[in-house]
Amino acid sequence: MKKQSNLNFLLSYAGRHKYLTYSSWILSALSALIALVPYLYIWRIIKEVLECAPDFSKAQGLVSNGWAAVGFAVLSVLIYIAALLCSHLAAFRIATNLRLASVKHMATLPVGFVEDFGSGKLRKIVNETTAASETYLAHRLPDSANAIATPIGLLVLLFVFDPLLGLLSLVPVLLGFIIMMRMTGKSMRQKMEEYQNALDDMSNEAVEYVRGIPVVKTFGQSIYTFKRFKASIDRYGKWVIAYTKELRMPMICYTAAINSVFVFLTAGALLLTVDNVTSEFLLNLLFYIIITPIISLTLTRIMFQSEDSMIVGDAIKRIKTVLDLKPLPQSPMPETPADGSVELIDIKYSYDGEKNALDGVSLKIPAGSTVALVGPSGGGKTTLANIIARFFDPQSGRVLIGGVDVKEIEKDKLMDTVSFVFQNSHLIKGSILENVRMAKPDASREEVMTALKEAQSSDIIEKFPQGVDTVIGTKGVYLSGGEQQRIAIARVMLKDAPIVILDEATAFADPDNETRVQAAFSSLARKKTVIMIAHRLSTVVNADKIYVLKDGKIAESGTHNELRAANGLYASMWRSYQTSVSWRVEREGAI
């Protein structure tokens with residue numbers, strides 16, 4: 001199968017605007033050719049001046065030739081503006097369609113994909129690919145047509161007047177082109193990829209660092225606490241300095257070559273006029289001196305086009321790594337779960353292909369029951385919950401919801417069946433009403449208010465003058481972690497899914513908010529299957545069953561009392577938890 005070019009890839013997102021792109025090339029090339037016409041009139045002006053000297057009153061065509069030169073120059077600019085207008089309209093449409101297609105495709109991918117990829121890196125790929133494509137299509141492609149047409153027109157002009165001087169003026173062009181190919185060849189493509197990799201790495205680490213700023217400020221640490229971020233900055237700086245030094249000498253030679261046209265013309269003029277100087281030769285020499293600066297401008301354009309072509313090529317390669325990812329497979333004949341029961345059969349999952357995060361986990365959760373997943377950090381609790389919600393599929397084993405394999409359940413139906421309250425719930429920049437209504441877009445205002453009331457969020461609504469229409473994130477309107485969790489719980493209540501997964505949902509709640517959140521959980525859990533992930537063991541004592549996970553396996557299972565009586569891992573965790581909650585800071589000097 002023939003590999004699709006970068007240009008064809010971008011034009012596939014153009015729709016009917018593709019023809020505007022083609023029009024921009026034609027108009028830009030036409031503009032370049034017309035831009036050379038004023039030089040012909042300038043040559044005629046110089047010729048007339050030399051022929052009439054010293055009696056310039058005989059020069060009758062100066063004004064008409066001058067205005068003709070101005071007219072063609074203006075015409076060239078107007079046509080070039082039209083070319084840019086066409087190219088920008090097409091480029092903006094392509095960039096918009098590419099961004100929309102990328103975001104829509106990401107929405108079909110497993111939720112776990114974002115965590116593996118890195119949100120900072122993902123955002124940079126989408127944003128910079130569309131930005132690079134816009135620059136490439138709106139500016140570089142029209143300029144490419146311009147840069148191709150200009151040398152063709154120049155070659156005709158250079159050899160019409162004096163072929164020998166024309167050849168001399170092309171010598172520095174050849175030297176500059178050779179040096180330019182040295183800078184923008186295969187090694188440049190590799191360097192450009194290394195450059196983008198360094199930028200991606202630094203962008204991703206920057207996002208993680210910004211997210212951790214509260215911790216840095218709390219403990220009075222500096223940027224050096226985040227060694228990965230500093231290391232990414234150091235790697236980027238080291239690469240840029242080394243690459244700049246590598247290109248220093250070629251760039252000096254290139255600049256000297258393309259600006260040495262006058263040297264070759266002067267040397268040629270001296271050699272060719274040893275015997276005598278004719279007015280015709282002088283006229284042609286002046287013409288070449290005037291027109292050859294276009295050569296250096298054209299070569300510089302070509303060099304930047306080569307660089308931008310590599311940038312957009314690398315950007316497209318990166319966006320394709322996202323677009324080529326396949327959504328989780330969907331059954332052509334989806335089935336509907338019979339109830340809210342959950343069953344896992346010999347589940348195995350590994351993030352790196354070596355150590356299993358889940359290793360042969362099997363369990364059964366009856367519909368309407370409440371179970372808890374506890375255990376040491378890294379035991380596999382969150383991974384297990386993510387697999388139940390089908391954020392990703394296990395490498396082996398089966399997940400059944402209501403007796404149906406999750407792979408056989410339609411994606412939208414599965415999302416209607418399982419709700420998730422994360423450890424750190426995120427609210428969009430919108431009203432409280434809009435944030436809650438995300439769970440059920442067609443919900444009435446009354447339904448939203450009922451969900452907020454059941455989620456113990458009435459006090460949040462009452463403290464704002466605009467009530468439920470208050471926009472979060474603007475004009476100083478912010479919610480605490482516990483308040484955000486209650487809004488997130490209201491969202492889940494409005495969705496009314498039969499299965500609810502709570503992932504450390506009280507982790508960021510203060511004591512007052514935790515009491516309200518727990519009350520909201522009690523209301524949320526009615527007639528639902530609830531799967532809780534918790535480190536605060538006090539929140540799971542009333543669970544119907546507790547599963548203790550360690551090293552990706554179920555180490556123990558049972559009720560709170562049964563596990564305490566077994567005096568195993570859970571009992572040890574409970575004793576440690578009781579010690580931590582009973583700890584108090586004693587007054588200085590107290591016994």
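The values are calculated or read from the model by the stated rules, or taken from the named source; none is laboratory data. Everything numeric in this text was worked out from a predicted model, so none of it was measured. For neighbour counting, all protein chains shown are included, and Cβ atoms are generated from backbone atoms with ideal geometry for every residue, glycine included.
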Going by the conditions given, is A519 in a helix (DSSP H, G or I), modelled with pLDDT of 70 or more and within 17 Å of I461 (Cα to Cα)?
no
Is it true that some residue in the stretch 411-421 is at pLDDT 85 or above, in a loop (DSSP other than H, G, I, E, B) and in contact with a strand residue (DSSP E or B) (Cβ under 8 Å, 6 or more places away or on another chain)?
no
Cβ contacts < 9 Å: first residue at pLDDT 80 or above, restricted to the stretch 525-536; second residue assigned to a loop (DSSP other than H, G, I, E, B) and among the β-branched types (V, I, T), any location; separation 6+ or different chain. Result?
M532/V540; A534/T506; A534/V540
Consider G552 carefully, then state whether it is at pLDDT 85 or above and within 19 Å of I365 (Cβ to Cβ).
yes
Identify, please: which residue in the stretch 538-554 is outside any loop (DSSP other than H, G, I, E, B) and crowded, with 20+ Cβ neighbours inside 10 Å and is, among those, farthest from the chain's Cα centre (by Cα)?
I546
Any residue that is modelled with pLDDT under 75, among the aromatic types (F, W, Y) and not in a helix (DSSP H, G or I) - is there at least one of those in the stretch 220-230?
yes
Hits in the stretch 429-484 (condition: polar (S, T, N, Q) and closer than 21 Å to S523 by Cα):
N435, S444, T450, Q456, S457, S458, Q484
Residue pairs qualifying under the 8 Å Cβ cut-off, at least six apart or on distinct chains, with the first in the stretch 1-28 being on the phi > 0 side of the Ramachandran plot and of a type outside the set (A, V, I, L, M) and the second being part of a helix (DSSP H, G or I) and modelled with pLDDT of 85 or more, are G15/R93; G15/N97
By residue number, the members of the stretch 100-127 that are of a type outside the set (K, R), assigned to a helix (DSSP H, G or I) and modelled with pLDDT under 75 are G112, F113, V114, E115, D116, F117, S119, G120
In the stretch 52-74, residues that are aromatic (F, W, Y) and either surrounded by 15 or more Cβ atoms within 10 Å (Cβ to Cβ) or in contact with a Ser or Thr (Cβ under 6 Å, 6 or more places away or on another chain) (or both) total 1
What are the residues in the stretch 422-468 that are among the charged types (D, E, K, R) and either without any contact (Cβ under 8 Å) to a residue 60 or more places away in the chain or in a loop (DSSP other than H, G, I, E, B) (or both), if any?
K429, E434, R437, K440, D442, R445, E446, E447, K453, D459, E462, K463
Report, by residue number, each residue of the stretch 56-101 that is in contact with a His (Cβ under 6 Å, 6 or more places away or on another chain) and closer than 19 Å to L33 by Cα.
none
Among L427, L384, L414, which is the only one that is touching a Pro at 6+ places or on another chain (Cβ under 9 Å) and crowded, with 16+ Cβ neighbours inside 10 Å?
L414
Looking at the stretch 4-35 only, could you name the residues that are of a type in the set (A, V, I, L, M) and either over 19 Å from R99 (Cα atoms) or assigned to a helix (DSSP H, G or I) (or both)?
L7, L10, L11, L20, I26, L27, A29, L30, A32, L33, I34, A35
Only one residue in I501, I489 is of a type outside the set (D, E, K, R) and part of a strand (DSSP E or B), so which one is that?
I501
Selection status of H560, in contact (Cβ under 8 Å) with a residue 12 or more places away in the chain and either within 41 Å of the chain's Cα centre (by Cα) or not assigned by TED's automatic domain parsing to the domain that holds E454 (or both):
no
Report yes if some residue within the stretch 146-168 is assigned by TED's automatic domain parsing to the domain that holds A32, surrounded by fewer than 22 Cβ atoms within 10 Å (Cβ to Cβ) and not in a helix (DSSP H, G or I); otherwise report no.
yes
Kindly provide the set of residues from the stretch 332-359 that are loosely packed, with under 15 Cβ neighbours inside 10 Å and assigned to a strand (DSSP E or B), ordered by number.
D346
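So that you can scan it fast, the table gives a plain yes or no per residue for (1) in the same structural domain as R301 (by TED's automatic domain parsing); (2) at pLDDT 85 or above; (3) closer than 22 Å to I152 by Cβ:
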| site | (1), (2), (3) |
| --- | --- |
| L11 | yes, yes, no |
| H17 | yes, yes, no |
| L20 | yes, yes, no |
| S28 | yes, yes, yes |
| A35 | yes, yes, yes |
| E48 | yes, no, no |
| G61 | yes, no, no |
| L75 | yes, yes, yes |
